[in-house]
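Asks: This is the structure, below, for whatever I ask next.
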Amino acid sequence: MNSAELFVQHLDRVTGRSENVIRQVKSSDPMLPNIAVFVYKNWPAFGFITGFTFGLSLGKHPDWKFGRPELMISVESADEAWPFAVGCMAEGLRGKCPFCYGHTINFHAKVSEESDLDASLVFAPPFLKKEEMSVKLKDYTCNIAGMYPMFSSEFRLYEEIGLERFRHLPDWDPLNVHRGPVQVLG
């Protein structure tokens, strides 16, 4: 089995089913394959859309010493724009961004018509058990990183108070695409 087949097999085990939709993001690098986006509708629960990329980890980055990332997004929505945006981001930043926990990424445009969210925070993937967050592929270990939609207007607050405090703010609901920007009171 090649790495892509091993990864899909892992996703099938994690989700308990095959994906509903597979989308492709065309590679801008002729030496690298397209990014595949595996979309699971109504997983892990009804009303959610979840997407996983494959192809980001086929690139190289100097910070990837103990594994290479693939990305996951899961939000309360039916709009495939969310996982497709993560696939586009993976393709556009492949080899340029390490996708380490705590990094923020600005899309510079809203992701979906249903929300003004225009950025993402990289952190541990939602809904996965610790042993499901990585998978041994043919030549390397793939670590799944979670992508959480946020507002680029939240970057300043995030940088001021840090990841730990930011994620515990009462307004921070990382799976709700209809939320407003978080604020610190007093």
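Asks: Scan the strands (runs of 3 or more DSSP E) fully inside segment 37-147 and keep the ones with 1 or more residues being within 24 Å of Arg165 (Cα to Cα) and at pLDDT 95 or above. Can you show your working first?
Replies: Numbers: elements: 48-54, 68-76, 104-106, 119-123, 134-136.
Once the strands (runs of 3 or more DSSP E) in segment 37-147 are filtered for at least 1 residues that are within 24 Å of Arg165 (Cα to Cα) and at pLDDT 95 or above, what remains is 68-76, 104-106, 119-123.
Asks: Here's a follow-up. Would it be correct to say that Ile22 is free of Cβ contacts under 8 Å to residues at least 24 places away in the same chain and under 16 Å from the mean Cα position of the chain (by Cα)?
Replies: Details: free of Cβ contacts under 8 Å to residues at least 24 places away in the same chain: yes; under 16 Å from the mean Cα position of the chain (by Cα): yes.
For Ile22, the condition - free of Cβ contacts under 8 Å to residues at least 24 places away in the same chain and under 16 Å from the mean Cα position of the chain (by Cα) - is met.
Asks: Could you look through segment 122-180, keep only residues that are basic (Lys, Arg) and surrounded by 14 or more Cβ atoms within 10 Å (Cβ to Cβ), and pick out the one that is nearest to Ala81 (Cα to Cα)?
Replies: Arg179
Asks: What is the number of the single condition among (1) under 20 Å from Ile22 (Cα atoms); (2) buried (at least 22 other Cβ atoms within 10 Å of the Cβ) that Phe99 does not meet?
Replies: Of everything listed in (1) under 20 Å from Ile22 (Cα atoms); (2) buried (at least 22 other Cβ atoms within 10 Å of the Cβ), Phe99 misses just condition (1).
Asks: So for segment 60-75 (the condition being within 15 Å of the chain's Cα centre (by Cα) and surrounded by fewer than 18 Cβ atoms within 10 Å (Cβ to Cβ)), does at least one residue qualify? Write out each step before concluding.
Replies: Restricting attention to segment 60-75, the residues satisfying the condition of being within 15 Å of the chain's Cα centre (by Cα) are 68-75.
Filter once more, keeping what is surrounded by fewer than 18 Cβ atoms within 10 Å (Cβ to Cβ): none.
So far as segment 60-75 goes, no, none of its residues is within 15 Å of the chain's Cα centre (by Cα) and surrounded by fewer than 18 Cβ atoms within 10 Å (Cβ to Cβ).
Asks: For segment 1-21, how many residues meet the condition of being surrounded by 13 or more Cβ atoms within 10 Å (Cβ to Cβ) and farther than 19 Å from Ala145 by Cα? Walk me through how you get there before you give the answer.
Replies: Initial filter on segment 1-21 (surrounded by 13 or more Cβ atoms within 10 Å (Cβ to Cβ)): 3-4, 6-8, 10-12, 14-15, 19-21.
Of the ones still in play, those that are also farther than 19 Å from Ala145 by Cα are 20-21.
Selection size over segment 1-21: 2.
The values are calculated or read from the model by the stated rules, or taken from the named source; none is laboratory data. Computed from a prediction, not measured in an experiment: that's the story for all the values here. Don't worry about glycine lacking a Cβ; one is built from the backbone with ideal geometry, like all the others, and counts go over all protein chains shown.
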